[in-house]
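Asks: Have a look at this one.
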Amino acid sequence: MSAHITALHPSTGPAAGGNTVAISGCGLAATSDVTFGAASAPSFTVTSDTTITAVAPPGSGSVRVSVVTAGRPSNSLTYSYAGSAESPVLKAIAPQAGDPAGGSDIIAVGSGFTGATAVDFGGTAAADFTVASDTIIGITTPPGTGTVPVRVTTPGGTSNGESFTYSASLPPKLVAVTPRSGRPGRTVVIFGCKVNRARSVAFGGHPAESFTVLSDNVILAVVPSGTGTVPVTVTTPAGTSNPVRFTYVSAPVLKAIAPQAGDPAGGSDIIAVGSGFTGATAVDFGGTAAADFTVASDTIIGITTPPGTGTVPVRVTTPGGTSNGESFTYSASLPPKLVAVTPRSGRPGRTVVIFGCKVNRARSVAFGGHPAESFTVLSDNVILAVVPSGTGTVPVTVTTPAGTSNPVRFTYT
């Protein structure tokens, strides 16, 4: 039985050699030679059946060390001379098959890839390669036939080979679907290669409503019913493709608006609550575009009303469609709306200015529920009021025949 070695210590040394390397293993007692690559160790000592010390010869790069017993070499381990790169090691490639025309993208996994100068497929240079890290290389295959070894070359040497098979019977490969989102029933374009023999197109496992193969690279497909983000795949007699992602979008849902009435002149601020508002492109009041709107979240939109009359449906439009309508009524008989009180703090008996709109028919002004000592309406937008007795921070409101305003805050000092 030939010897078997399990470790080198150290596994690196100077290019000039002369250092001692301890070799561990079994069956070493009858060792007749220790080799570092093609060179024999200048000397070695068998200390037991499991240990040898050998003097490294001069060398460069990474070499394989083995021991010879009864004329038979053992397995080998890598020894690297300092100042030189190690030979790369290729552990796996994926996928292990590709198109005879070349252009397939594969990943090589191993070690020692840094500084790679070449990748070859049975002696044919790769169409392209990118060293992602010392352990990963992305490779584009060249044209070829049959099964060939893939090897990586660096300044430290050339790796072992991993088998790659050229095969015309490969599943399709998808690149993209456009648009990447939409509603059921929409036609999308699927780009890829080897799709000309498509037997089926699936969206999250559900077959497309229909599809048309335009070429080896393009399919038109009608999106089936579904929700969320799903994988799109194409199946041919050679197999099923890699997935590309498609996201279903649904029409927004409008649940409520508040307030439900506003000034015929427009400019009222309302809030719409619902779902699916992200990406909203329009808000309309009976077909008239909102003066402005802001999507606060997928469930809330702030809207400024346009001018209008009567009761109209408010709708929100997104790429997924247009929502149901919620009724909004234009009315001149609206309660006042306050903007501010100034100063915002003071003692009882002080006169303050209240700013707002529709305050010209004010019947009362209240500070925390207590009527102002007196008030004077200067215009539809301004009231002067005398602060009544009170403490703390209180709401100030104005009441007209149309109702009571929103509150603004005043603090007693």
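Asks: Please list, in chain and number order, the residues 5+ apart from F129 or on another chain whose amide H is under 5 Å from its amide H, with Hs placed from the backbone.
Replies: Here the answer is T140, since their amide H atoms fall under 5 Å of that of F129.
Asks: Only Lys, Arg, Asp and Glu count, each charged at its Cβ (+1, +1, -1, -1), so figure out the dipole size of the range 285-413 about its Cα centre, rounded to 20 debye.
Replies: The calculation lands at about 420 debye.
Asks: Compute, for the chain, the length of the dipole vector about the Cα centre, with Cβ point charges of +1 (Lys, Arg) and -1 (Asp, Glu) only. Units Debye, rounded to 20.
Replies: Approximately 1240 debye in magnitude.
Asks: So, one more: Can you work out the FRET efficiency for the pair S133 and S11, with r the C-beta to C-beta distance and R0 = 35 Å, to the nearest 0.05?
Replies: Efficiency, rounded to the nearest 0.05: 0.95.
Asks: Return the FRET efficiency for the residue pair A256, R64: r is the Cβ-Cβ distance, R0 is 56 Å, and the value is rounded to the nearest 0.05.
Replies: Result of the calculation: an efficiency of 0.15.
Asks: Given [x] 26.5; [y] 29.7; [z] 22.1 as candidate values of Kirkwood radius over Cα pairs in Å, which corresponds to the one derived from the coordinates?
Replies: Derived directly from the coordinates: [y].
Asks: Also, quick follow-up: Pairs of Cα atoms under 8 Å, at least six residues apart: use those to get the relative contact order of the chain, whole percent.
Replies: It rounds to 8 percent for the chain.
Asks: Identify, among A92, V396, I300, the residue whose Cα sits farthest towards the positive end of the charge dipole of the chain, taking +1 on the Cβ of Lys and Arg and -1 on the Cβ of Asp and Glu, with the dipole about the Cα centre.
Replies: V396
Asks: Evaluate E = 1/(1 + (r/R0)^6) for A291 and V109, where r is the Cβ-Cβ distance and R0 equals 51 Å; express this FRET efficiency to the nearest 0.05.
Replies: The value I calculate is 0.30.
Asks: Just to confirm my numbers, what's the Cα centroid distance between the range 227-253 and the range 262-296 in Å?
Replies: Here the answer is 33 Å between Cα centres.
Asks: To the nearest 20 debye, what charge dipole does the range 173-248 have about its Cα centre, counting +1 at the Cβ of each Lys and Arg and -1 at the Cβ of each Asp and Glu?
Replies: In debye, rounded to 20, the range 173-248 gives about 100.
Asks: Roughly what % of Cα-Cα distances in the range 253-330 sit above 18 Å, to the whole percent?
Replies: 26 percent
Asks: Pick out, from T318, F191, V283, the residue whose Cα sits farthest towards the positive end of the charge dipole of the chain, with +1 on the Cβ of Lys and Arg and -1 on the Cβ of Asp and Glu.
Replies: V283
Asks: Place +1 on the Cβ of every Lys and Arg and -1 on the Cβ of every Asp and Glu in the range 113-204, take the dipole about the Cα centre, and give the residue among F121, A176, G146 whose Cα lies farthest towards its positive end.
Replies: A176
Read-outs throughout are calculated quantities, based only on the coordinates presented, and are distinct from any laboratory measurement. Everything numeric in this text was worked out from a predicted model, so none of it was measured. Note that we place each Cβ from the backbone using ideal geometry, even for glycine, and neighbour counts take in every protein chain shown.
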